[in-house]
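Engineer: Take this structure, written in structure tokens, and hold onto it; I'll ask about it next.
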Amino acid sequence: MMLSTRAEYSIFSVPLYYVLKLRRPMEKLTSFYRNKKILVTGATGFKGSWLCCWLLKLGAIVYGTGYKPNKNKNLLYVLNLQKKINLKLLDIRDFKKVNKFINEKKPQIIFHLAAQPLVHESYKYPMYTFDVNIKGTLNILEASKNCKSVMSIICVTNQIYKNKNKKFKETYELDGIDPYNVSKASAELIVNSYREIFKQMKKKCAVSSVSAGNIVGGGDWSNDRIVPDAIKSIRSNKILLIRNPNFTRPWQFVLEPLKGYLLLAKKQREEINKFSGNWSFGPSQSSKISVIEIVKLIIKFWGKGNYKIKKNKKFKESKNLILDINKTKKHLKWQPTYNTKKAIKLAIKWYLDVIKNKKSPSQVTNEQISSYMNLANLK
């Protein structure tokens, strides 16, 4: 039977012609990553584990590095990814080991996520934070310099630009006060420098730095992050302490920036000069929600919970953080798929399904990735 390209054939009142047309971006993404050799640094981390899981679904050959993970709570082991990817536990600060691994495995694309990612930890351990976030980035780029297979590198930084007009934009000057953001701003300068180094040596390798919003999703057990802190408090029947109830953050579901990283790496392979640069992936500005609103949503979706406001006296934090994503939307054709409320709902659903309903973490994670891919196509 031949299908007509006219509007008379439809699925859920959406003409089949448009469904087929709109499905192409994710289908192209799948065909692009199939059998590609991909390295994910920080694979044992929360976001790194989700990325590895998605890459496997796309048919990629995945290599990962991580550093002394906690096997009891680490998402990579919960998802059984250590048996599905080529995993190497190493210190990202050890250039010899990093260089050997990259030159042995010869990845085509590198997603550099390895970092000390927490602001509060950076105040406790500033030297360690600088060492991991700066030297780790330097080691990845230097090891890639003489590895012919590497054609695209995505380095994850943060919202490290001056906050003008209550926004962060890629064209603004780099900025930072706390050790974490200063380390990431420094890493971005290193990325910019190696982009120029690659041009001078005529190496066909695109290099980009990417920043994202405040990520929420299942399997995150880090301290001082609102969703895992709330889940821990609820499960232990304790009161959740909130530092800054009226502060706003660019909350987004974990798959949103990962979609951006995947799209960007593909674009970089197609047009190196056009897509090398700095990119931001965040929610739409209409998704501006305060900490207290997030906590109330968590309690609503879980079904119980209590909180109390406790003034922050430990360290300075910005009141409002908003990412300007206009450049990304215009040139990468990327846009958020979920609003903040949906992001929180899906994150809590992951924990409920795994903890209360005893579902397989791998099953729940893969189901959420599949659902997201289908919706992202229609978006």
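Readers should treat all values here as calculations from the given coordinates under stated rules, not as data from a laboratory. All figures in this text were calculated on a predicted structure; none of them were measured in a lab. Backbone-built Cβ (ideal geometry, glycine too); neighbour counts: all protein chains shown.
Engineer: What pairs from Lys145/Lys359; Lys124/Lys300; Lys308/Lys358 go past 32 Å between their alpha carbons?
Structural biologist: From Lys145/Lys359; Lys124/Lys300; Lys308/Lys358, over 32 Å: Lys145/Lys359; Lys124/Lys300.
Engineer: What's the extension gain from Lys319 to Glu196 if we count 0.36 nm per residue and subtract their Cα-Cα distance? Can you show the working numbers first?
Structural biologist: Details: separation 123, 0.36 × 123 = 44.28 nm, distance 3.52 nm.
Once the chain is fully extended between Lys319 and Glu196, it gains 40.8 nm.
Engineer: So if I take the centroid of the Cα atoms in region 58-124 and the same for region 183-229, what is the distance between those two points in Å?
Structural biologist: 14
Engineer: Report the one residue of Val291, Leu346, Leu321 whose Cα lies farthest in the direction of the positive end of the charge dipole of region 249-356 (charges on C-beta: Lys and Arg +1, Asp and Glu -1; origin at the Cα centre).
Structural biologist: It is Val291, whose Cα lies furthest towards the positive end.
Engineer: Measure up Lys28/Lys105; Lys73/Lys330; Lys96/Lys329; Lys83/Lys356 against 28 Å on the Cα-Cα distance and list the ones that go over.
Structural biologist: Numbers: Lys28/Lys105 25 Å; Lys73/Lys330 39 Å; Lys96/Lys329 39 Å; Lys83/Lys356 26 Å.
In this structure, Lys73/Lys330; Lys96/Lys329 lie more than 28 Å apart at Cα.
Engineer: While we're here: Please express the Cα-Cα pair-distance distribution P(r) of region 227-339 as a list of whole percents, one per 10 Å bin, running from 0 to the bin with the greatest distance.
Structural biologist: Values per bin, smallest distances first: 13, 34, 28, 17, 7, 1.
Engineer: A follow-up question, please. Rounded, prolate or oblate: which fits region 78-148 when a ≥ b ≥ c are the square roots of the eigenvalues of the alpha-carbon gyration tensor, with rounded for a/c under 1.5 and prolate only if a/b beats b/c? Spell out each step's value before the answer.
Structural biologist: Details: a/c = 2.45, a/b = 1.33, b/c = 1.84.
Since a/c reaches 1.5 but b/c is at least a/b, the shape of region 78-148 is classed as oblate.
Engineer: Does anything in region 205-234 have its amide N under 19 Å from the 7 Å Cα→Cβ label point of Glu270, and if so which residues?
Structural biologist: Taking a point 7 Å out along Cα→Cβ of Glu270, the residues of region 205-234 whose backbone N falls under 19 Å are 205-209.
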